[in-house]
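Enquirer: My questions will all concern the structure given below.
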Amino acid sequence: MELKEKTLEQNYIYRGKILDFHVDRAELENGRAVTRECVDHCGGVCVAALTERNELFFVRQYRYPYHEVVLELPAGKLEQGEDPLEGGKRELREETGVTGKNYADLGRLYPSPGYTNEIIFLYACRVSEHGADNLDEGEFLEAEKIPLEDAVKMVFDGGIPDAKTQVAVLKIERLVEEKKI
């Protein structure tokens with residue numbers, strides 16, 4: 001088996017500021033044609049910033065699709081062509097006022113590979129400075145610190161439903177245990 005599908009036709013039905021939607025016809029390995037509904041996204045970044053007291057910086061932000069406030073690590077959309085690490089540093093500074101040091105690459109996350117090509121790049125760092133935030137216009141959020149141990153418990157207790165945050169919290173916990181950050 002090749003485990004590959006061939007795009008036969010691509011029909012963009014919406015091109016937006018953040019997302020593009022297209023409905024494609026694709027050919028499976030057995031020659032059968034299928035429809036694929038896809039969302040294109042330029043990608044995002046998430047940063048787990050840890051203080052010397054092993055507290056993580058989080059943000060609480062209203063997320064319209066869920067109609068609720070969601071607790072997340074600082075994160076955001078990458079600009080076209082932006083280096084993911086530089087984007088992570090920018091988002092961390094904008095949302096929390098934090099400047100990090102000793103960045104560690106935590107890998108990348110495919111949030112929902114069944115319909116979107118979005119990739120979220122994950123990083124961890126130690127906090128070197130904490131100043132004032134610099135939120136984008138129309139961005140409203142509250143920053144707070146939570147001890148790493150409590151954050152891990154919140155992941156397992158369902159208090160943090162956001163996938164990128166769950167993964168980054170558990171990965172930074174491992175780095176701390178192994179004294180790699």
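Enquirer: Cut-off under 21 Å on the C-alpha distance; same-chain residues fewer than 8 positions from K17 excluded. Which lysines are left, in chain and number order?
Expert: Within the straight-line limit of under 21 Å, K17 reaches these lysines: K77.
Enquirer: With the crude spin-label approximation of a point 7 Å out along Cα→Cβ, what separation in nm comes out for Q80 versus K153?
Expert: Result: 4.7 nm between the two label points.
Enquirer: In addition: Give me the lysines in straight-line cross-link reach of K171: C-alpha distance below 18 Å, same-chain residues under 8 apart excluded.
Expert: K101, K145, K153, K179, K180
Enquirer: Show me the ranking of peptides 120-130, 6-16 by mean Cβ neighbours inside 10 Å, starting with the highest.
Expert: 120-130, 6-16
Enquirer: Then there's this: Roughly how tilted is helix 148-157, in degrees to the nearest 10 and between 0 and 90, from the longest Cα axis of the chain?
Expert: 40
Enquirer: Quick one: Debye curve from the C-alpha atoms of the chain, no solvent, what's log10 I(q)/I(0) at q = 0.10, 0.16, 0.17 Å⁻¹?
Expert: Computed log10 I(q)/I(0) values: -0.46, -0.97, -1.06.
Enquirer: What percent do you get for the relative contact order of region 89-149 when only Cα pairs under 8 Å and 6+ apart count?
Expert: That works out to 40 percent.
Enquirer: Would you please put 72-79, 53-60 in order of how densely packed they are, using the mean number of other Cβ atoms within 10 angstrom per residue and starting with the highest?
Expert: Taking the mean over residues of other Cβ atoms within 10 Å, the ranking is 72-79, 53-60.
Enquirer: Quick one: net charge around V47, please, counting Lys, Arg +1 and Asp, Glu -1 for every other residue with C-beta under 13 Å from its C-beta. Working shown, then result.
Expert: Values: positive: K89, R90, R93, K101, R126, K164, K171; negative: E72, E86, E91, E94, E95, D105.
So the environment of V47 carries a net charge of +1.
Enquirer: May I pose another question? Just tell me which aspartates and glutamates come within less than 15 Å, Cα to Cα, of K89; anything on the same chain fewer than 8 places away is out.
Expert: K89 reaches E79, D105, E129, D133, D136.
Enquirer: Next question, about the same structure. Multiplying the sequence separation of A104 and E139 by 0.36 nm and subtracting their Cα-Cα distance, what value in nm do you get?
Expert: Extra length available between A104 and E139 comes to 9.9 nm.
Every read-out reported here was derived from the displayed coordinates using simple, explicitly stated rules and does not represent laboratory data. No experiment lies behind these values; they were computed from the predicted model shown. So basically every Cβ, Gly included, is an ideal-geometry build from the backbone, and we count neighbours across all protein chains shown.
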